[in-house]
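Below is one structure, written out as structure tokens; comments come after it.
The values are calculated or read from the model by the stated rules, or taken from the named source; none is laboratory data. Remember, predicted model here, so these are calculated numbers, not experimental data. Don't worry about glycine lacking a Cβ; one is built from the backbone with ideal geometry, like all the others, and counts go over all protein chains shown. Each accessible area value is taken on the protein alone, full model and side chains, heavy atoms only, with ligands, DNA and RNA left out. Shrake-Rupley method; radii C 1.70, N 1.55, O 1.52, S 1.80 Å.
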Protein chains: 2
Amino acid sequence: MSGYQAPTKDMLFVIRDLAGLDKINNLPGFEGATVDLVAAILEEAGQLAGEVIAPLNRIGDAKGTRVEDGQVIVAEEFKPVYRQFVSDGWTSISQSTEHGGQGLPYLVGLAVEEMMQSACLAWSICTLLTQGAARAVEIHGDAALQALVLDKMISGEWTGTMNLTEPQAGSDLAAVRSQAVPDQDGKGYRITGQKIFITWGDHDMTDNVIHLVLARLVGAPEGIKGLSLFAVPKFRIDADGAVGERNHVTAVSVEHKLGIHGSPTCVLAFEGAYGYLLGELHNGLACMFTMMNHARLSVGLEGVAISERAYQLALTYAKERVQGNKVGYDAAVTIIKHPDVRRMLMHMKSYIEAMRALAYVAAAHLDRAHHHPDKAVRASEGARLELLTPIVKGWCTEMGQELTSIGLQVHGGMGYIEETGAAQYLRDARITTIYEGTTGIQAADLVGRKILRDRGAALQSLIADLKATDAELERHGDLLATIRAALGESVNDLEAASEWLFAHAGANADVAGAVSFNFLMLAGTLTGGWQLARAAVLAAERLAEGTEDPSFYETKLVTARFFAEQALPLTGAYRRAVESGGDATMALSEEQF
Amino acid sequence: MSGYQAPTKDMLFVIRDLAGLDKINNLPGFEGATVDLVAAILEEAGQLAGEVIAPLNRIGDAKGTRVEDGQVIVAEEFKPVYRQFVSDGWTSISQSTEHGGQGLPYLVGLAVEEMMQSACLAWSICTLLTQGAARAVEIHGDAALQALVLDKMISGEWTGTMNLTEPQAGSDLAAVRSQAVPDQDGKGYRITGQKIFITWGDHDMTDNVIHLVLARLVGAPEGIKGLSLFAVPKFRIDADGAVGERNHVTAVSVEHKLGIHGSPTCVLAFEGAYGYLLGELHNGLACMFTMMNHARLSVGLEGVAISERAYQLALTYAKERVQGNKVGYDAAVTIIKHPDVRRMLMHMKSYIEAMRALAYVAAAHLDRAHHHPDKAVRASEGARLELLTPIVKGWCTEMGQELTSIGLQVHGGMGYIEETGAAQYLRDARITTIYEGTTGIQAADLVGRKILRDRGAALQSLIADLKATDAELERHGDLLATIRAALGESVNDLEAASEWLFAHAGANADVAGAVSFNFLMLAGTLTGGWQLARAAVLAAERLAEGTEDPSFYETKLVTARFFAEQALPLTGAYRRAVESGGDATMALSEEQF
């Protein structure tokens, strides 16, 4: 199996130059996050990811998980690596210092997270979920609950889960039926119900698991306004924090999935399990959503990470595999010399860099939205974050399907053989457009909540920034003219599509839904290309002023141009699909399908 | 597991109205192929596919294949079904009557083939390969060899294989190293070498397997001009045709693949195996290519077939799964009522119908190219067939990736669970862009051999036909105006891209290679949309003159419009990618990747 080499150089470039580390580490608490420190962290995390975690990837895929006596067993090899990861403090890198976290910007934590996802997606999800759950406990849990569980969740000594889905309640959480009744102790609750698709819902890597469970207090209203959020430990916790007897929650089974085999996806049965209320009664969905922005950015990042791993494997193969002749060469050549193979590699490379930059830029907005001292800045940064989140989640994971598939294609017939490893990336990537809200849910969120609801205010601010980049591109004349022209057309496409949306979305309820996917893909392609254009401007400046690393910046110019030529034109097609509206989509009767 | 219902109505519409059965069954030998007969054949084949073969699909996926003592064992359940298939005469439906075939048009055989592929792709490939090999024996084998093997191959009593690939010789067959030496009997040859990726290379369903093997006579020239084609039986054949002792060819192993688990993909070791020469010495590649047009159309058809199966499963789920509310409904609704789910289903439906029509139209050209009494017609039909073949193979299989992936997406989290079945279609489909020539090979074939080499003659003829459809669309005014406008723009895109190609492809050898994929996708999207536009014209006529089945034709209008609105605009993006040339694709040094 191929290894993994963390792309620390590109990550550092994005963190420093595109996401603007200097605008993050001027915020209270983040001052220590200098470029040098970040570079050192990336180096160390990259080594861990490449040398210790990456070898788990194939093992987890082959071994999968199983249930024995209501207990999930994961690959034996996962455990010592998880313990090392926890003891080295990586889980809590961007958690607050108040509960033992390291208090670094989320922007830095995201880069570390990308490495772990690239190294072993199935394994990495456990920490993603734990830290999301910890955040919910930190924000909504009372002091007593926090004292019991929070430090251990942040450190990773215990893990956490999100228990939302039930057989009849997937995308629509209003249909959740799990019930809670007050416990006779007058403090806690007893939860009963069945939850499905619970990622890392049980395992044998830690002494306890804290489940955050959406359930309905007996007598609560129907719909989402009757949902409350409870923290339900796998093992009861004594007043002194020690782990006691088993709680009444059991892993019934694990799913047989297409990919991420190393990650247990559980059916959990709650049968009067003792739980602690988080936040207020009947406000559970809001509590759950406090971790959603993080989680959705993280899953969007998975699209980047798995594509990066697939790219590295394909690139290695393309540089080694000898096949076919080429004018100017005496003997058969490595396939990277064939133009169509290069096209595939350039396609992967340029999309990955665009996706990474977009995700990291969103993370920088999150840091500023949470930490900036000025409330107005927090609000505007928060609005941009909210606009970008469904784009990062939806677009990066949709593209992850295409890119991992191309990675397999580069291998030809070898790609179809499981031992090659390319197929696993495709299989693993396939979940990312589904969990934490399908692409359809992201698209509805983007168009409905993030654009129509604020009457396009956040979108207009984004468009203004896009136009500012146009002015910067213009300053570099012919060098960046191709990129500028393509970006300009794509900005026009976004403006036209959003004008169409505001003019037509009110007509009937199906219009926004029918065009939302194409709108999201337009926005993703454009904002991704925008990041590459910004990188090209910086590269042109560095090259003009003289740099020690011209090759890196020349590469950025080429990558941005390739994306401008081959990807940005898609926005015209997406725009036309949007402007066609929903009539043809909705025209058939169900029998006519 | 879901079943399969053959889409006989759409198939018959395409065969009769788009592919022009009346221009096929006026050819010598095909007169009996009336619409009624074809309808009856489709009905019967559809029943077989749905009731007998479809249940094999999941079984083959779960059981896979294995090697025991040099013998491949396939799923036990495959064998009786294969025997019934053979005894009912389905294998030979479009083979010539001279050797026991049924002599029906390939156009009809293709529809039957689509059903078998939809029902169980892994199982269906065995017959695809056997009939391709039989065709090569029929055309290139001498009378003695034909007497020994041909009738049994055509009937399916014995199966056939194509042995091309070796570890160092995949897309580049010039690198084939397998050797042949004359046998001491003065008639045959002894073949030695290792072949890999041999689909259905061995199995236990029949008494014999006839391998067609590319090898190099000792002392033959290097490169493709030194290759000869040999028929190597698994068991030696006596003069009276009886199966004798094992020949020196052994199944060493079967691959562990992403999909088509039911189909054994073999490593075969030839160790002085006795073989018969096919055609002339050193002309093996040409002999092999006589089956390539058929085989490539068949694999293109697999893209249609597996997408159709995925669509049926997704549609069933979307009509049954209740999730979420909708304005105007009191209770939660089935998800087919949600616009984004409908968009996915319409996307699948319209692409599948476009792809099917394109593949069947190509098959009709094949029938006329082979059977028309007028040599000039045979030539022009052959040129069109050659132009369309890489488009059908490349575009339909590339789209098959997207469509099976969407099929999974419609299921949400359930799609990721293997038991649902949607994931298998994605896994199975993934090989189709690779075997029988990767998409890159198809694109190079299209741009190099089929367009540049005849200076665009075949392409110009296609464009003339496209413009004839424009005139027909115009006659229906507003009703088809959206479709006409979109098709017109896409025709412009094809013309512009081909003008660009002729102006720039001579500049350096990499240009054509770098733009070929986008050119192929442009041509596929356009020619697929063209078929739907032709269907819309017919539908408009039928509706205007009154029809007993208005719902069917109204559906055709909607499907064509949806494709015109959402798919045809992609040709603009492909065109711009073509017109960008190969500079950015080729600019990086290998170290800069």
Here the residues within the stretch B:371-393 that are assigned to a helix (DSSP H, G or I), over 18 Å from residue B:522 (Cα atoms) and not acidic (Asp, Glu) are B:371, B:375, B:376, B:377, B:378, B:379, B:380, B:382, B:383
Going by what's in this entry, would residue A:67 be described as assigned to a helix (DSSP H, G or I) and of a type in the set (Val, Ile, Thr)?
no
Candidates B:465, B:478, filtered to the one that is under 24 Å from residue B:392 (Cα atoms) and of a type in the set (Asp, Glu):
B:465
In the stretch B:312-324, is there at least one residue being assigned to a loop (DSSP other than H, G, I, E, B), modelled with pLDDT of 95 or more and either hydrophobic (A, V, I, L, M, F, W, C) or under 30 Å from residue A:421 (Cβ atoms) (or both)?
no
Exactly one of A:543, A:588, A:532 is open to solvent by less than 30 Å² (accessible area, probe 1.4 Å) and either assigned to a helix (DSSP H, G or I) or touching a Gly at 6+ places or on another chain (Cβ under 6 Å) (or both), and that residue is A:532
Could you tell me which of the residues B:421, B:413 is in contact with a Leu (Cβ under 7 Å, 6 or more places away or on another chain) and within 14 Å of chain A (Cβ to nearest Cβ)?
B:421
Quick one: which of A:540, A:533, A:523 is closer than 16 Å to residue A:391 by Cα, touching a residue at least 60 places away in the same chain (Cβ under 8 Å) and more than 13 Å from chain B (Cβ to nearest Cβ)?
A:523
So residue A:165 passes all but one of these: (1) crowded, with 19+ Cβ neighbours inside 10 Å; (2) touching a residue at least 40 places away in the same chain (Cβ under 8 Å); (3) of a type outside the set (Gly, Ala, Ser). Which condition number does it fail?
(2)
Residues of the stretch B:352-384 being small (Gly, Ala, Ser) and more than 23 Å from residue B:454 (Cα to Cα), in sequence order, are B:354, B:357
Could you list, ordered by first residue, the pairs with Cβ atoms under 7 Å in which the first is in the stretch A:67-95 and closer than 15 Å to residue A:205 by Cβ and the second is aromatic (Phe, Trp, Tyr), at least 6 apart or interchain?
A:78/A:123; A:91/A:85
Restricting to the stretch B:240-253, what's the tally of residues that are loosely packed, with under 11 Cβ neighbours inside 10 Å and over 18 Å from residue B:157 (Cβ atoms)?
1
Among (1) at negative phi; (2) open to solvent by less than 10 Å² (accessible area, probe 1.4 Å), which single condition is residue A:260 missing?
(1)
Show the residue pairs that are 6+ apart or on different chains and have beta-carbon atoms under 8 Å apart, the first residue being within the stretch A:330-357 and within 7 Å of chain B (Cβ to nearest Cβ) and free of Cβ contacts under 8 Å to residues at least 24 places away in the same chain, the second being in a helix (DSSP H, G or I) and charged (D, E, K, R).
A:336/A:319; A:336/A:342; A:336/B:590; A:339/B:510
If the requirement is being within 24 Å of residue B:501 (Cβ to Cβ), within 11 Å of chain A (Cβ to nearest Cβ), of a type in the set (Asp, Glu) and under 15 Å from the mean Cα position of the chain (by Cα), which of these qualifies: B:386, B:398?
B:398
When both residues are 6+ apart or on different chains and their Cβ atoms are under 9 Å apart, which pairs have a first residue that lies in the stretch B:37-58 and is farther than 21 Å from residue B:310 by Cα, and a second that is open to solvent by 40 Å² or more (accessible area, probe 1.4 Å)?
B:38/B:16; B:39/B:16; B:44/B:88
When the stretch A:172-223 is checked residue by residue, the ones that are within 14 Å of chain B (Cβ to nearest Cβ), in contact (Cβ under 8 Å) with a residue 60 or more places away in the chain and crowded, with 19+ Cβ neighbours inside 10 Å are A:195, A:196, A:197, A:198, A:199, A:201
Lone unmet requirement of (1) within 12 Å of chain B (Cβ to nearest Cβ); (2) surrounded by 22 or more Cβ atoms within 10 Å (Cβ to Cβ); (3) of a type outside the set (A, V, I, L, M) for residue A:298
(1)
Can you tell me how many residues within the stretch A:278-294 are open to solvent by less than 10 Å² (accessible area, probe 1.4 Å) and part of a helix (DSSP H, G or I)?
3
Tally of residues being surrounded by fewer than 21 Cβ atoms within 10 Å (Cβ to Cβ), among the β-branched types (Val, Ile, Thr) and farther than 22 Å from residue A:138 by Cβ across the stretch A:67-117
3
What do you reckon, is residue A:516 within 11 Å of chain B (Cβ to nearest Cβ) and in contact with a helix residue (DSSP H, G or I) (Cβ under 6 Å, 6 or more places away or on another chain)?
yes
Being within 23 Å of residue A:261 (Cβ to Cβ) and part of a helix (DSSP H, G or I) is the filter here; which residues of the stretch A:75-93 pass it?
A:78, A:79, A:80, A:81, A:82, A:83, A:84, A:85, A:86
Taking the stretch A:121-140 and keeping only residues that are more than 16 Å from the chain's Cα centre (by Cα) and open to solvent by 10 Å² or more (accessible area, probe 1.4 Å), one is left with A:135, A:138, A:139, A:140
When you go through B:121, B:107 one by one, which is the residue that is of a type in the set (A, V, I, L, M, F, W, C), at pLDDT 95 or above and touching a Leu at 6+ places or on another chain (Cβ under 9 Å)?
B:107
Inside the stretch A:493-513, can you point out the residues that are surrounded by fewer than 24 Cβ atoms within 10 Å (Cβ to Cβ), part of a helix (DSSP H, G or I), of a type outside the set (A, V, I, L, M) and within 14 Å of another protein chain (Cβ to nearest Cβ)?
A:500, A:504, A:510
What about residue A:354, is it closer than 30 Å to residue A:31 by Cα, part of a helix (DSSP H, G or I) and touching a Phe, Trp or Tyr at 6+ places or on another chain (Cβ under 7 Å)?
yes
If we ask which residues in the stretch B:441-485 are open to solvent by less than 20 Å² (accessible area, probe 1.4 Å) and either within 12 Å of another protein chain (Cβ to nearest Cβ) or part of a helix (DSSP H, G or I) (or both), their number turns out to be 15
Given the conditions (1) open to solvent by 20 Å² or more (accessible area, probe 1.4 Å); (2) more than 14 Å from chain B (Cβ to nearest Cβ); (3) farther than 18 Å from residue A:295 by Cα; (4) part of a helix (DSSP H, G or I), which single one is not true for residue A:149?
(1)
Identify all residues within the stretch B:559-571 that are aliphatic (A, V, I, L, M) and either more than 7 Å from chain A (Cβ to nearest Cβ) or surrounded by fewer than 22 Cβ atoms within 10 Å (Cβ to Cβ) (or both); write none if there are none.
B:560, B:564, B:567, B:568
